[in-house]
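Throughout, read-outs are computed from the coordinates displayed, never taken from laboratory work. Keep in mind the model is a prediction, meaning the values are calculated, not measured. Cβ sites come from the backbone with ideal geometry, for glycine too, and all protein chains shown count toward neighbours.
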Amino acid sequence: MRAESGFRSDAGRRPPENRLLQIATSSLIPPQRGALASKLETLPTTLNEAERRERSEREEIIRQGWNTFLEVGCALTTIRQKHLYRDRYRTFEEYCRQKWGFSKTHANRLIEAAAVAAILTPIGVKLNSESQVRPLVGLAPQRIPAAWKKAQEFAEGGEITAKVVRRAAEEFKTDSPHCAKTAQRKKAGSIPTGSKLALNLIDKAEEATKKKDIQAVLNALGELRKCLLHC
C-alpha cells in the first residue's frame, strides 16, 4: 500500500517525525463551538478513494501501534478532523466505540497526549506512555517544556512517573494568570464593594437593635434593601 501524507503503510516503516508533530500539535487548537458539526454537514456522506486510503492507513496505525501513542494520537486526530468515519458512522464517538471498543474520552486523551508529546519530543524527551504526559494536558503549550523540566528536578535522576509529572504540572496550573489572580484575591481577603456595604448596614442594624433604636434599625434595613437591589 502506498503511504500518503508521510505516514507509514506497514509496520516496518515509520512516518517522518516532523509530520507526526505537525498533526499532533494541530489538536492543541480547539475548534470553535459547532465548527465540526457544520463542516460535517457540508461534506458528502461517502468517502472518495483518497479518503478511504487515508483512513485505512490511519486505522492500520491504530491497530498496530497501541504502544506508540504519538502515532495513534496523530491517526485519531486526522480521522476526527477530516471526518473519515462519516460513511459508516454518524459521529466520532460512535466510530470509537464500535470500531475500537473505547470511549470518545479515551480517544481524546490519546489525541491530547500526542499533542503534548509533539512539544516535548523535539527537545529530546523520551516518553514511555500516554499516562506519563496526561497531567500536562491543559497547560499552555509554552509552559509544557518548563513543567517537564520541573518534573525532572523532582525525580532527582530517577524515573519520571505520572505522579511526579502531576506534581510538577500543579505548580504551573497554580501559576496561571487566572489562578494567580484568584489566589491573590483570597490572600488579600478582598470582598466586593457591594458586599462590604451590605455587611456594614447589617452591623448598623444589629448595633441599633442593641440600643433599642427602632428608627435607626428601620433606616439601616431600608438602606440594605437599596443595596441589595442596586449594588
As a quick test, which of the pairs K126/K150; K104/K173; K150/K173; K126/K149; K126/K163 have an alpha carbon distance above 19 angstrom in this structure? K104/K173
Hey, with R₀ at 41 Å, roughly what FRET efficiency would Q98 and R166 work out to, going by the Cβ-Cβ distance, to 0.05? 0.80
Rel. contact order, % - alpha carbon contacts under 8 angstrom, at least six apart, the stretch 93-178: 23 percent
Stretch gain in nm, segment A140-E159, where the contour uses 0.36 nm per residue and the Cα spacing is subtracted: 4.4 nm
Pull up the cross-link candidates among the aspartates and glutamates for K226, meaning alpha carbon to alpha carbon under 19 Å and not fewer than 8 places away within one chain. D203, E206
For the residue pair E207 and E223, what label-to-label distance in nm results when each label sits 7 Å from Cα along the Cα-to-beta-carbon direction? 0.9 nm
In the stretch 81-129, what chymotrypsin sites (Phe, Trp or Tyr not before Pro) fall in a loop by DSSP, with at most 12 other Cβ atoms inside 10 Å? F102
What ranking of T78, T68, T42 emerges when the number of other C-beta atoms within 10 Å of each C-beta is taken as an exposure proxy, fewest first? T42, T68, T78
